[in-house]
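The next block holds one structure in the form of structure tokens; read it before the comments.
The values are calculated or read from the model by the stated rules, or taken from the named source; none is laboratory data. Just so we're clear, the structure is a prediction, and the values are computed from it rather than from any experiment. Here the Cβ positions follow ideal geometry from the backbone for every residue, glycine too, while neighbour counts run over all protein chains shown. When the accessible area is computed, the model is the full protein with side chains, heavy atoms only, and any ligands, DNA or RNA have been set aside. Shrake-Rupley method; radii C 1.70, N 1.55, O 1.52, S 1.80 Å.
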Amino acid sequence: MTKNIYKYVGPEYIDRVIGLDGKVTLKCSYPKDFNDPYELFLTIDFKEQPEVLAFYAEVVGELPQFPTTCFSRSPAVIPMWAHYSRNLTGFAIEFDESALSEEFPNTRFGDVDYADVPDEDLTDMLYRAYELGKPRYLYFLQSGVFSTAYYTKATCWSYEQERRMIVPEKETRQAGKLTLIDVPSNCLKSLLCGPRASQETKLAVRDKAAQLGCDYFELKIGKSSAIPYFVDPSGTPFTFNGIGIEKCAQFCRSCKEPLESEATLCSWCQIDESHEDEAASRNIFRALAKHGMLDEYLEGMRDIGRGIKKSDA
């Protein structure tokens, strides 16, 4: 089953990315410009003997440079919202990958694999090609290096859950030094605003969603789980199910946060005055504060934490 894919965008790029013509414009990069400078070190071990490296350079040559645009496989990756959507103040775009494939049939999609050492199989293929010299081994080596170079990053980037789209040059256009691809609105599923987006940004993104004829959601950070969720304009909660965004079956009827049980309220929203009174009666700090002893007690505990005894003072 084809999954939807997501592009995170800063709030300052709303009008640049979503134009009046109803298309979404995405920036493409070339491998030489990727944000991980060590990606090409994950093809083979470059500490091999010089004659083998010379053969590698002869067969593989310079890596072909094709326009590539990058997505995430999830709209719920908080570091992605932080890094690419300006500290959760921007938005994300949900694309239907199957629609993208139909619109751009000559593109190639692939998940990025994460590794910290070169591919041993590729190194084995290098030696097989070097020692036997058969054309098919040279072809397999070239193909393997291409795939690894385009679809492998170091494990420190694994949080991105990246998926890449390699685009034929003829599908792109140049705008100054930028290589761009224009995606028609039928490839979009939704626009999603970050939880720290300004009211101005939310209104602008919501208007764009209406213009494009796609759904609009806002990301929410709950109090019961580290997994974010989404709400539509009516406040109905949605979650990411690994494939796309779907309506929640169970959620708190007060705060709307998704629930794993059939309870009508989450634990936080179940708190009433009796719970608060009992919690206050169990809080010994209140008693210490009432008798003017809390500050002295806390300072003493801080001294213990710093390894200071009163006799040393």
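Here are a few things to note about the model shown:
- Residue, most open to solvent (accessible area, probe 1.4 Å), within the range 239-268, restricted to residues that are closer than 21 Å to Phe71 by Cα and touching a Phe, Trp or Tyr at 6+ places or on another chain (Cβ under 9 Å): Glu246
- Annotation note: Cβ proximity below 6 Å between a residue of the range 1-26 that is on the phi > 0 side of the Ramachandran plot and at pLDDT below 95 and a residue that is buried (at least 22 other Cβ atoms within 10 Å of the Cβ) and assigned to a loop (DSSP other than H, G, I, E, B) (sequence gap 6+ or interchain) occurs for no pair.
- Hey, Asn241 closer than 18 Å to Asp96 by Cα and without any contact (Cβ under 8 Å) to a residue 24 or more places away in the chain or not: yes
- The range 210-222 residues that are closer than 19 Å to Gly19 by Cβ, paired with ones that are among the aliphatic types (A, V, I, L, M) (beta carbon under 6 Å, 6 or more apart): Leu212/Leu188; Cys214/Leu188; Tyr216/Leu191; Tyr216/Ala209
- Scanning the range 58-90 for residues that are open to solvent by 40 Å² or more (accessible area, probe 1.4 Å) and of a type in the set (Phe, Trp, Tyr) yields Phe66, Tyr84.
- Hits in the range 212-225 (condition: in a strand (DSSP E or B) and either of a type in the set (A, V, I, L, M, F, W, C) or at pLDDT below 95 (or both)): Phe217, Leu219
- Considered as a group, the residues in the range 103-124 that are part of a helix (DSSP H, G or I), acidic (Asp, Glu) and closer than 22 Å to Glu48 by Cβ include one that is least open to solvent (accessible area, probe 1.4 Å), and that residue is Asp124.
- Checking Lys32 against (1) closer than 20 Å to Pro168 by Cα; (2) touching a Leu at 6+ places or on another chain (Cβ under 9 Å); (3) surrounded by 12 or more Cβ atoms within 10 Å (Cβ to Cβ), the condition it does not meet: (3)
- Of the numbered criteria (1) hydrophobic (A, V, I, L, M, F, W, C); (2) touching a strand residue (DSSP E or B) at 6+ places or on another chain (Cβ under 8 Å); (3) open to solvent by 40 Å² or more (accessible area, probe 1.4 Å), the one Phe55 fails is (2).
- Of the residues making up the range 191-208, those that are out of contact with any strand residue (DSSP E or B) (no Cβ under 6 Å at 6 or more places or on another chain) and either open to solvent by 20 Å² or more (accessible area, probe 1.4 Å) or at pLDDT below 95 (or both) number 7.
- For the range 125-153, a residue qualifies if it is open to solvent by 90 Å² or more (accessible area, probe 1.4 Å) and among the charged types (D, E, K, R), and the qualifying residues are Arg128, Glu131, Arg136.
- Filter pass, Leu100 being in a loop (DSSP other than H, G, I, E, B) and open to solvent by less than 40 Å² (accessible area, probe 1.4 Å): no
- Within the range 114-152, the set of residues being aromatic (Phe, Trp, Tyr) and over 19 Å from Phe34 (Cβ atoms) comprises Tyr127, Tyr130, Tyr137, Tyr139, Phe140.
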